[in-house]
Amino acid sequence: MNTNLSSRERILATCAHQPVDHIPLHLEVHPSYLQYDPQVGTWRDQFERTDALLALDVDAMSEVWLPEPACHPDVRVRTWREEKGGEVLLGKEYLTPAGPLRQIIRETADLYTWHKINRNTRGPIADLIDGVGLLEDVNPSRSVEFLVKGPEDLPRMRYLFQPLSGDALARWRADARYAKQEAEKRRVIFLARRTYCGSALLWLTDVVEAICTFKTDPGFVDGFLQIIHDWQMVTLSRVLEIGVDMVTRFGYYDIPDFWGRKYFDHYLRPRMDAEADLV
């Protein structure tokens with residue numbers, strides 16, 4: 001047995017059911033942790049995080065996030081903040097060539113405690129979302145108006161899920177290549193995060209009503225998921241062109257417990273299989 005495996009070799013060997021020197025351990029450090037731990041709060045970027053975890057003999061990883069969705073150039077965006085009925089509301093409206101889409105959430109006291117993301121390949125390990133994020137866990141419980149309300153919104157929704165292009169794509173590629181070099185330098189896994197599909201239904205619709213459409217309006221559900229899937233397959237192809245060791249899939253909500261076995265098999269399994277086949 002090789003007792004001098006790198007972290008990368010250890011994880012890949014484990015995935016291939018090969019002998020390893022010890023069971024790998026990877027710790028996920030979410031940006032919301034930064035406020036609790038003074039040491040963690042000093043990390044300037046993901047590479048300092050990786051070095052700190054490696055010093056603990058933890059199998060840290062360097063990562064690149066799949067590109068975020070881009071709006072079509074013809075889309076105009078309007079945001080606002082207003083007091084209404086004793087609440088503070090945050091709004092965002094997308095004016096697409098097919099018509100408007102609007103999303104409104106409540107500004108709660110804890111919103112800016114948890115409204116942090118870590119999708120930077122370079123730079124700060126956590127950024128605050130100031131306003132209404134398109135695809136965020138904090139939205140459903142605070143939503144006053146959901147972005148997608150029915151089948152009539154699908155042509156508009158497609159304008160919001162375009163692949164990156166131009167200078168933005170060039171910057172993403174440069175950052176991804178830099179992260180790959182840093183991963184190779186440290187002999188750690190270069191990880192791509194993250195694909196998903198059904199989770200977007202939770203973030204963008206009134207999910208209680210959307211679940212009812214699984215049977216009553218399968219065309220709406222398939223159309224919604226296909227918009228997300230088409231965009232994700234393009235972004236997945238781009239990250240695979242860079243060259244990564246692993247791709248993760250955000251599966252908290254894309255599970256049979258949530259969808260039911262029948263609808264999971266119908267709506268999600270074929271799209272998950274397509275992602276796996278591409279990888």
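The values are calculated or read from the model by the stated rules, or taken from the named source; none is laboratory data. It should be emphasised that the depicted structure is a prediction, and the values quoted were computed from it without experimental measurement. Cβ: placed from backbone, ideal geometry, glycine included. Neighbour counts: every protein chain shown. In case anyone asks, the SASA skips ligands and DNA or RNA and just uses the protein heavy atoms, side chains included. Shrake-Rupley method; radii C 1.70, N 1.55, O 1.52, S 1.80 Å.
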Filter the range 250-271 down to residues that are within 17 Å of the chain's Cα centre (by Cα) and among the hydroxyl-bearing types (Ser, Thr, Tyr) and give me whichever is farthest from Gly219 (Cα to Cα). Tyr252
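Residues checked against (1) under 20 Å from Glu68 (Cα atoms); (2) open to solvent by 20 Å² or more (accessible area, probe 1.4 Å):
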{"residue": "Cys212", "(1), (2)": "no, yes"}
{"residue": "Gly219", "(1), (2)": "no, yes"}
{"residue": "Ile227", "(1), (2)": "yes, no"}
{"residue": "Leu236", "(1), (2)": "yes, no"}
{"residue": "Glu241", "(1), (2)": "yes, yes"}
{"residue": "Thr248", "(1), (2)": "yes, yes"}
{"residue": "Asp254", "(1), (2)": "yes, no"}
{"residue": "Arg261", "(1), (2)": "no, yes"}
{"residue": "His266", "(1), (2)": "no, yes"}
Suppose we filter the range 270-279 for residues that are surrounded by fewer than 15 Cβ atoms within 10 Å (Cβ to Cβ) and either free of Cβ contacts under 8 Å to residues at least 12 places away in the same chain or closer than 14 Å to Gly251 by Cβ (or both); how many remain? 4
Filtered residues of the range 49-58 (kept if within 21 Å of Pro124 (Cα to Cα) and touching a residue at least 12 places away in the same chain (Cβ under 8 Å)): Arg49, Thr50, Asp51, Ala52, Leu53, Leu54
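Yes/no matrix, rows are residues, columns are (1) within 24 Å of Val234 (Cβ to Cβ); (2) free of Cβ contacts under 8 Å to residues at least 24 places away in the same chain; (3) β-branched (Val, Ile, Thr); (4) open to solvent by 50 Å² or more (accessible area, probe 1.4 Å):
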position	(1), (2), (3), (4)
Asp130	no, yes, no, yes
Glu145	no, no, no, no
Pro151	yes, no, no, yes
Arg158	yes, no, no, yes
Leu164	yes, no, no, no
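Here is a list: Leu54, Leu27. Which entry is surrounded by 14 or more Cβ atoms within 10 Å (Cβ to Cβ), farther than 24 Å from Arg142 by Cβ and not hydroxyl-bearing (Ser, Thr, Tyr)?
Working: Leu27 fails: surrounded by 14 or more Cβ atoms within 10 Å (Cβ to Cβ).
So the residue among Leu54, Leu27 that is surrounded by 14 or more Cβ atoms within 10 Å (Cβ to Cβ), farther than 24 Å from Arg142 by Cβ and not hydroxyl-bearing (Ser, Thr, Tyr) is Leu54.
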